[in-house]
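Report on one structure; see the data block that follows.
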Amino acid sequence: AAFEHILPAAILDRKRPEDFARRFTARLPDLRIAVNARGTPLGFSLMTGSHLDMLFVDPAAQGRSAGTVLLADAVRRGCRTLESFAHNRLARGFYEARGFRLCRSYRRLYEGIEMPFVLYALAEDRG
């Protein structure tokens, strides 16, 4: 799966589609979904205020601009910060290439397991 190189199996084994459906249903106004010309979902983003909570693109759709479109939409809606798993080098490079700068590294609980994270902020001098 998409996160097997980032998250421990103990967390991945607990993830269920119905958990995501329940979480996202309550947050529909904050959710954006990128689709292709046939209407097939490619990825999604979820924001809280000026913080991007999630940006995910199906690995099979990566490199086709879905993530760039979702992130640009989030910035237009006021996104100024985001968090990433520290080990997610692909996501980190993506955010850095699009004007986000590392603010700090830290550890916090995620699904009951302490994990390393990084916080990014949108650079003020983006031109």
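Is there any pair with a first residue in region 67-85 that is closer than 11 Å to residue 55 by Cβ and a second that is at pLDDT 95 or above and of a type in the set (Val, Ile, Thr) whose Cβ atoms are under 9 Å apart and which are 6 or more apart or on different chains, and what are they?
The qualifying pairs are 83/118; 84/118.
Would you pick out the residues in region 87-97 that are surrounded by 16 or more Cβ atoms within 10 Å (Cβ to Cβ) and at pLDDT 95 or above?
Selection gives 92, 94, 95.
Considering only region 56-77, how many residues are open to solvent by 20 Å² or more (accessible area, probe 1.4 Å) and either modelled with pLDDT of 95 or more or in a loop (DSSP other than H, G, I, E, B) (or both)? Steps first, please.
Kept after step one, since they are open to solvent by 20 Å² or more (accessible area, probe 1.4 Å), are these residues of region 56-77: 56, 58-60, 62-65, 68-69, 72-73, 75-77.
Then drop every residue that is not either modelled with pLDDT of 95 or more or in a loop (DSSP other than H, G, I, E, B) (or both), which leaves 58, 62-65, 68-69, 72-73, 75-77.
Within region 56-77, residues that are open to solvent by 20 Å² or more (accessible area, probe 1.4 Å) and either modelled with pLDDT of 95 or more or in a loop (DSSP other than H, G, I, E, B) (or both) number 12.
Open to solvent by less than 90 Å² (accessible area, probe 1.4 Å) and touching a residue at least 24 places away in the same chain (Cβ under 8 Å): is that true of residue 123 in this structure? Don't jump to the end; show me each part of the working.
Details: open to solvent by less than 90 Å² (accessible area, probe 1.4 Å): yes; touching a residue at least 24 places away in the same chain (Cβ under 8 Å): yes.
Spelling it out, residue 123 is indeed open to solvent by less than 90 Å² (accessible area, probe 1.4 Å) and touching a residue at least 24 places away in the same chain (Cβ under 8 Å).
Which condition number in (1) assigned to a strand (DSSP E or B); (2) closer than 22 Å to residue 34 by Cα; (3) modelled with pLDDT under 95 is the one that residue 114 fails?
(2)
Which one of these does residue 107 not meet: (1) open to solvent by 80 Å² or more (accessible area, probe 1.4 Å); (2) out of contact with any Gly (no Cβ under 9 Å at 6 or more places or on another chain); (3) closer than 25 Å to residue 42 by Cβ; (4) not acidic (Asp, Glu)?
Only one criterion is unmet by residue 107, namely (3).
The values are calculated or read from the model by the stated rules, or taken from the named source; none is laboratory data. On a predicted model such as this, the values are computed, not experimentally measured, just so you know. So basically every Cβ, Gly included, is an ideal-geometry build from the backbone, and we count neighbours across all protein chains shown. Heavy atoms of the whole protein, side chains included, go into the accessibility calculation; ligands, DNA and RNA do not. Shrake-Rupley method; radii C 1.70, N 1.55, O 1.52, S 1.80 Å.
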